1. For the stretch 30-81, state which trypsin sites (Lys or Arg not before Pro) are in a DSSP loop and have at most 14 other beta carbons lying within 10 Å of their beta carbon.
2. How large is the charge dipole for the stretch 160-301, taken about the Cα centre, if only the Cβ atoms of Lys, Arg (+1) and Asp, Glu (-1) carry charge, to the nearest 20 debye?
3. Where both partners of a DSSP beta bridge lie in the stretch 160-301, what percent of those bridges are antiparallel, to the nearest 5?
4. Among V32, V59, what is the fewest-to-most ranking by other Cβ atoms within 10 Å?
5. In terms of modelled amide H atoms, which long-range or inter-chain residues lie less than 5 Å from the amide H of H260?
6. Ratio of Rg to Rh for the stretch 136-292, alpha carbon only, Kirkwood?
7. Strictly over 22 Å apart at the Cα level, which of K29/K199; K155/K275; K190/K275 would you flag in this model?
8. In nm, what is the difference between 0.36 nm times the number of residues separating R173 and N129 and their Cα-Cα distance?
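Just so you know, all these numbers are worked out from the coordinates, no wet-lab data involved. Only a predicted model underlies this, so the values are computations on that prediction, with no experimental measurement involved. Please note: Cβ atoms are built from the backbone with ideal geometry, for glycine as well, and neighbour counts cover all protein chains shown.
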Amino acid sequence: MVTTASDLHASTMASNHGRWLCIVARRWKRVVLQEFLRGATSLRFCTRLPRNASAYRQVDHLLVWGRQTTIPAELLAAHPHLKIVTAEDGFISSRGLGLTGSFYYSLLLDRLGVHYDAQAPSQLQQLLNQHPLTTADEQLGQELVAFIREHRLNKCNLSQPALDATALPPRHRTTILAVGQVESDQALRKSLSPVRSNKALLQAIREQHPEAWIVYRPHPNDVRKGYLRGNRAYLWHQHCDQLACDSDISHWMDAVDAVHVISSTAGLEALIRAKPVHTYGTPAYAGWGLTNDWAEQPGRDRQLNLDQLAAIMLGRYPRYFNWSNGQFCDALSCLRHLQAINSQTIQESFYSRRLANKQRRIRLVRRLKMAAVRQVAPFGHWLERAPQVG
């Protein structure tokens, strides 16, 4: 049993032992994986699956990111020794959007499947169904829930302002927060629900709650890309009463009566904040007796309380990494460190700044290549705005 931070670091390093082939296109994700796979005998990255069969002979673990890469059955039959690992960012993962290359504090490495694919088993589903829950698990869950609720932590921990009093929804009507997702997200494509778009989500909510005040919270990636500017914002107002783009999502959760999602992680954050949650897809936290589910939730074989769910989904399942000292750590230690950086109680270490600079170089090279191909802006324009990475 792991009892100390050094034991946890050593055991995680040992679990990484072996030869890894990682199919990951994004270079900034490779930077993250190099740290989360410390202890590997060898680590090789490819943009796509190699066609040459000899590439798999000296490989023990084949890692893919989410469901972006489909592994053919013929490849598995030809190389039965391969252990397939699926990587995804954690439920409380970073201090910024993945779109901007923010490195992850937690990562999900699943050796059975991926947590959002209800059509296939995953280690998370196995843990939620079968993990023998103890008093220690209950205590861990209570501490995680209390800490996240007190410090308003969420998946990306964006630096967004509190909700302005003038933007509060009316209290004389039932208020619903509808949380959108990036519509190319694999979590939507792998859902067992017919509701697989943000527009369909809003239409379903309006159909069930015609008198409710619906606040639509688009995914921050869509906001950053400008998908809700000008006429596009007007089109969204045809399906909702209010857009919530800039303020911190936890403040919006406090201001509404219920939260509706397809399969967004925001549903888990709303549960932690003691809000009624309605799901229209098949997120991993649904089907355990805590949510109001509009889709079938296969493979959920027992009832869990919030502390038990948090202990497994946030405590046992993810892998956490402290970028200040380069060590693997437990959930609470990582969240405390993340909160200290958010509140500027401590500064990020030279180690984490060096890795951040490396990721900035990668993003700068990518932007320069895009400029050269698309000829949308001169190189000098971006070079002047580029961060100092020296």
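1. R48, R51, R57
2. Dipole size: approximately 340 debye.
3. Once the DSSP bridges in the stretch 160-301 are tallied, antiparallel ones form about 0 percent.
4. Lowest to highest Cβ neighbour count: V59, V32.
5. Answer set, sorted by chain and number: L177, A178, V179, H278.
6. 0.95
7. K29/K199; K190/K275
8. Between R173 and N129, full extension yields an extra 12.0 nm.
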